[in-house]
Amino acid sequence: MNNKKIRIGGGQGFWGDSNDAAIHMIRHGNLNYMACDYLAELTLSIMQRQKLKNPNAGYARDFIDLIREIGRESYEKGIRIISNAGGMNIASAVKELEKIAKEKKMPGYKIGYVLGDDLKDKLPELIAQGIEFKNIDDNDGNFLDIKDKIVNVNVYHGYKPIEECLDQGADVVITGRAADSALFLAPLVYEFDWPEDDYDNLARGIMAGHLLECGGQCSGGNYDYDWRNVSRMDELGFPIAEVNNSELYITKAHDCGGIICEQSCKEQILYEVHDPANYITPDVNVDISHVTLNQVGENLVKVGEIKGKPRPDQLKLCVGYHAGYKVETYLCYAWPDAYDKARYAADILMKKMKRKGLKAEEIRIDYLGLNALHLGVANMDPEFIKSLNEVVLRVAIRTLDKVEAEKIVPEISPLQLNGPPGASFFGGRAKVREVIGLWPTLIPREVVKLTSNILEVK
């Protein structure tokens, strides 16, 4: 048992990520498992809108394309694949996977799927139970103010139902809003039979997942420290965790680009971790305040001193709701006086909106190329500003009423001829778009009922 090693690949970092690295590691990574993370906090709201327009949509089709490419090969190699690509329509995703298995002649292929993270229909019952749904980002907010505007309600769940699917022989497991790291922890618990109170091992499994869940961000992508020296970034390989019953290593497949080093792992291990001593997940509270990272070989980092504490009594609930409408547009201005022209155009637009009586919740004006990213600390020296080759004016508004948002639309394109010289308008006519707000909250663990299911392809 002590000699057993499990290799898990991180196949996706987000919905829309490239499939290239996932395909490469299936073929060359010597994997036992691959986990693919597609969901972010607002992704589910987008998927729900897709589902409302088309009852067969609402999941990550990218994952279906990936399985079509490597599903048979992974099946023949015994590589089991886990993903939260089911989004808001797990049933449709399962049907697509079944079609592929039949097309690729994979009899006996077992599709595991987890149901129960979508709590929208149970919301009235939960409110009746006295759950207050306090906003953990805004303690002053009242949940009842958004109750009739809700788009989706999804709970972040842990590894257990995924492990149960694996225990039933699943070759692929698809979920909704499983926590990112739970996708990676589940196969480790299954393989090593870690009990629920083995906090240190659970924490180590969580951090294996944390290092892999963002795909190339741990292997040289988005690498702040030394990005110029990341080799073959056009063929970036994604990270692989090699785990035994007491150790964790991060590496990558051979013959691909990227880098696995202490610094690349440091950047990822601290990503989205607000308190290194208390990184809270559905499965365990992780302490990485004394974590060690040691380069022990080429593209091989050993990760140690990860500690765990008991899991929380509550689970995070992600509520997406209709928060109004927005309009966003861009106008480009070239030297000379690019910034002055852009600023003057913005002034014209705002004067017109004042005359129209625009009622906006937010108005944002940015000057891309000058201060859109650096805001108040941007270099605003007059001589520097005067030398700018180009500036892009970005204007964005958010309103509660669609009619209010529409007021600005017909006033944008005329600025090409009715404003400062040299404007270049791109992106087409501005459109009014719906804004989805996020209401993060907590609910008691015991009110969540998850089920593990298996479909065997005949």
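Here are the numbers for this structure:
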{"quantity": "In segment 1-26, the residues that are over 21 Å from the mean Cα position of the chain (by Cα) and surrounded by fewer than 15 Cβ atoms within 10 Å (Cβ to Cβ)", "calculated": "Met1, Asn2, Asn3, Lys4, Lys5"}
{"quantity": "Candidates Lys134, Lys102, filtered to the one that is part of a helix (DSSP H, G or I), in contact (Cβ under 8 Å) with a residue 24 or more places away in the chain and not β-branched (Val, Ile, Thr)", "calculated": "Lys102"}
{"quantity": "Every residue from segment 220-241 that is within 22 Å of the chain's Cα centre (by Cα) and farther than 13 Å from Gly257 by Cβ", "calculated": "Asn222, Asp224, Ile240, Ala241"}
{"quantity": "Tally, over segment 370-405, of residues that are assigned to a helix (DSSP H, G or I) and more than 31 Å from the chain's Cα centre (by Cα)", "calculated": "7"}
{"quantity": "Unmet criterion (only one of (1) assigned to a loop (DSSP other than H, G, I, E, B); (2) aliphatic (A, V, I, L, M); (3) within 23 Å of Asn389 (Cβ to Cβ)) for Ile365", "calculated": "(1)"}
{"quantity": "Selection status of Asn229, at pLDDT below 95, at positive phi and not basic (Lys, Arg)", "calculated": "no"}
{"quantity": "Scan of segment 27-45 for residues that are surrounded by 18 or more Cβ atoms within 10 Å (Cβ to Cβ) and either in contact (Cβ under 8 Å) with a residue 60 or more places away in the chain or β-branched (Val, Ile, Thr) (or both), ordered by number", "calculated": "Gly29, Leu31, Asn32, Tyr33, Ala35, Cys36, Asp37, Leu39, Thr43, Leu44, Ser45"}
{"quantity": "Flag if Ser289 is of a type in the set (Gly, Ala, Ser), touching a strand residue (DSSP E or B) at 6+ places or on another chain (Cβ under 9 Å) and in contact (Cβ under 8 Å) with a residue 40 or more places away in the chain", "calculated": "no"}
{"quantity": "Conditions (1) modelled with pLDDT under 95; (2) touching a Phe, Trp or Tyr at 6+ places or on another chain (Cβ under 9 Å); (3) surrounded by fewer than 16 Cβ atoms within 10 Å (Cβ to Cβ); number of the one not met by Ser413", "calculated": "(3)"}
{"quantity": "Residues within segment 218-250 that are crowded, with 23+ Cβ neighbours inside 10 Å and polar (S, T, N, Q), tallied", "calculated": "1"}
{"quantity": "Yes/no for Ala101 being of a type in the set (Gly, Ala, Ser), surrounded by 17 or more Cβ atoms within 10 Å (Cβ to Cβ) and either within 22 Å of Leu212 (Cβ to Cβ) or modelled with pLDDT under 95 (or both)", "calculated": "no"}
{"quantity": "Residues (assigned to a strand (DSSP E or B) and of a type in the set (S, T, N, Q)) located in segment 245-268", "calculated": "Thr251"}
{"quantity": "Conditions (1) within 25 Å of the chain's Cα centre (by Cα); (2) more than 14 Å from Thr441 (Cβ to Cβ); (3) surrounded by 11 or more Cβ atoms within 10 Å (Cβ to Cβ); (4) not basic (Lys, Arg): number failed by Gly108", "calculated": "(1)"}
{"quantity": "Whichever residue in segment 416-444 is assigned to a strand (DSSP E or B) and out of contact with any Phe, Trp or Tyr (no Cβ under 9 Å at 6 or more places or on another chain) and, among such residues, is nearest to Lys149 (Cα to Cα)", "calculated": "Pro440"}
{"quantity": "Count - residues of segment 143-165 that are assigned to a helix (DSSP H, G or I) and either closer than 16 Å to Leu115 by Cβ or among the basic types (Lys, Arg) (or both)", "calculated": "8"}
{"quantity": "Residues of segment 342-362 classified as farther than 20 Å from Gln416 by Cα and surrounded by 16 or more Cβ atoms within 10 Å (Cβ to Cβ), total", "calculated": "2"}
{"quantity": "Residues satisfying the stated conditions in segment 434-458, i.e. charged (D, E, K, R) and closer than 18 Å to His157 by Cβ", "calculated": "Arg445, Glu446, Lys449"}
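The values are calculated or read from the model by the stated rules, or taken from the named source; none is laboratory data. On a predicted model such as this, the values are computed, not experimentally measured, just so you know. With ideal geometry, Cβ positions are generated from the backbone for all residues, glycine too; neighbour counts draw on all protein chains shown.
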